[in-house]
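Let me begin by presenting the structure, written as structure tokens, before commenting on it.
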Amino acid sequence: MIVLGFDTSNYTTSIAAFDGESGQNCSRLLDVKPGELGLRQSDALFSHVKQLPMLAEQLFEHYRGQDVAAIGVSTRPRAVEGSYMPCFLAGVSQARVMASALKVPLYEFSHQQGHIAASCWSAGRPELLNEPHLAWHLSGGTTELLLVEPEGNCVAATHIGGTTDISAGQLIDRTGQLLGLRFPAGKEIDRLSSCSESKDFFKVRAKDCFFSLSGVQNKLQEFYDKTHDPEATARYCMRSVIWAVEKATKQACEQFPHLPVVFSGGVASNSMLRNTDAAPDCVFCPPQYATDNAMGIAVLTWLQGE
């Protein structure tokens, strides 16, 4: 038997299957025109509607519909009051129709809960879903440090730190736009930064686990105008982000000693960040499960039957 997970974020369309041990995730990035930083919600929703049938066909080349025991779906960005994005309606619609047709349970989660579950499971640390831990959600729209605690067969995430303005992903994508890169720029910024040995960066100030990244953007512009060096500028961006994340992580570990720190979200796939020693137990998952995916939703769906 398997369960299915749907996730239609502002960046990626995903559908996944999970059998309690292993599974498969089928994803596709949303198409963004060159020079633009993301999509309007109406365009994202339309793209998901077009892409979901194709991804479902890919997934069901390996699985049969009659084997589906339950379906899960992300319905909103975060499990807090007022969290809402229309793009998630695409996955919710498909999941509800399929659950009704197959007469199986439908479970709803947040996109953030899916990220945490995907990271813990794919990093080989599924037991963390039943234990308190710290987690970073580092993505295009979110840079939050979380205290994660088990809540029934799911997880509850309390926001304890992170950015007070733009997210790490936004800073990276704006740096990509400055350098003429396509959106999302994370992979190319990662590649460029690895080609430089520049030691320049902006030492972001962190206090009580919170920090601001908006000032880094101005410093990046000044650095690029001065050097005209794309590789050093990409490295400047990542070193500044990592400095802030490490400072906030160390402050959180003082408040919550001995807790592992899980890294999730697309920015957590960055090769420089993955070398951090900000905490004694830093948990990184394979890059494909750090970026937006539906596998974490499928894992949480499976846990509802245990």
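The values are calculated or read from the model by the stated rules, or taken from the named source; none is laboratory data. Everything numeric in this text was worked out from a predicted model, so none of it was measured. All Cβ positions, glycine included, derive from the backbone under ideal geometry; neighbour counts span all protein chains shown. Surface accessibility is based on the protein's heavy atoms, side chains included, excluding ligands, DNA and RNA. Shrake-Rupley method; radii C 1.70, N 1.55, O 1.52, S 1.80 Å.
At-a-glance table
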read-out	value
Residues of segment 27-64 satisfying the condition of being in contact (Cβ under 8 Å) with a residue 12 or more places away in the chain and either farther than 23 Å from Thr75 by Cβ or hydroxyl-bearing (Ser, Thr, Tyr) (or both)	Ser27, Asp31, Val32, Pro34, Gly35, Glu36, Leu37, Ser42, Ser47, Gln58, His62, Tyr63
Single unsatisfied condition, Lys199 versus (1) in a loop (DSSP other than H, G, I, E, B); (2) crowded, with 16+ Cβ neighbours inside 10 Å	(2)
Qualifying helices (runs of 4 or more DSSP H) (wholly inside segment 39-158; at least 1 residues being among the small types (Gly, Ala, Ser) and open to solvent by 30 Å² or more (accessible area, probe 1.4 Å))	41-59, 88-102
Which numbered condition Gly176 fails, given (1) surrounded by fewer than 19 Cβ atoms within 10 Å (Cβ to Cβ); (2) over 19 Å from Lys247 (Cβ atoms); (3) in contact with a Phe, Trp or Tyr (Cβ under 8 Å, 6 or more places away or on another chain)	(1)
Options Gly124, Gly82: the member that is within 17 Å of Ala290 (Cα to Cα), more than 13 Å from the chain's Cα centre (by Cα) and without any contact (Cβ under 8 Å) to a residue 40 or more places away in the chain	Gly124
Subset of segment 291-306 (residues that are in a loop (DSSP other than H, G, I, E, B) and buried (at least 24 other Cβ atoms within 10 Å of the Cβ))	Thr291, Asp292, Asn293, Ala294
Pairs where the first residue, in segment 164-183, is small (Gly, Ala, Ser) and the second is open to solvent by 50 Å² or more (accessible area, probe 1.4 Å), C-beta under 7 Å, 6+ apart	Ser167/Gly141; Gly169/Gly141; Gly176/Glu188
Unique residue being open to solvent by 20 Å² or more (accessible area, probe 1.4 Å) and within 22 Å of Gly162 (Cα to Cα) when the list is Lys226, Lys207	Lys207
Any hit, segment 167-175, residues being among the basic types (Lys, Arg) and farther than 23 Å from Ser22 by Cβ	yes
First in segment 198-211 and touching a residue at least 60 places away in the same chain (Cβ under 8 Å), second anywhere and open to solvent by 50 Å² or more (accessible area, probe 1.4 Å) and not basic (Lys, Arg), Cβ under 8 Å, 6 or more apart	Cys209/Gln255
Residues satisfying the stated conditions in segment 247-277, i.e. of a type in the set (Val, Ile, Thr) and more than 11 Å from Leu145 (Cβ to Cβ)	Val267, Thr276
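Let's see how each residue does on (1) open to solvent by 20 Å² or more (accessible area, probe 1.4 Å); (2) at pLDDT 95 or above; (3) in a strand (DSSP E or B); (4) under 30 Å from Gly23 (Cβ atoms):
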{"site": "Lys250", "(1), (2), (3), (4)": "yes, yes, no, no"}
{"site": "Val262", "(1), (2), (3), (4)": "no, yes, yes, yes"}
{"site": "Arg274", "(1), (2), (3), (4)": "yes, yes, no, yes"}
{"site": "Asp277", "(1), (2), (3), (4)": "yes, no, no, no"}
{"site": "Val283", "(1), (2), (3), (4)": "no, yes, yes, yes"}
{"site": "Tyr289", "(1), (2), (3), (4)": "yes, yes, no, yes"}
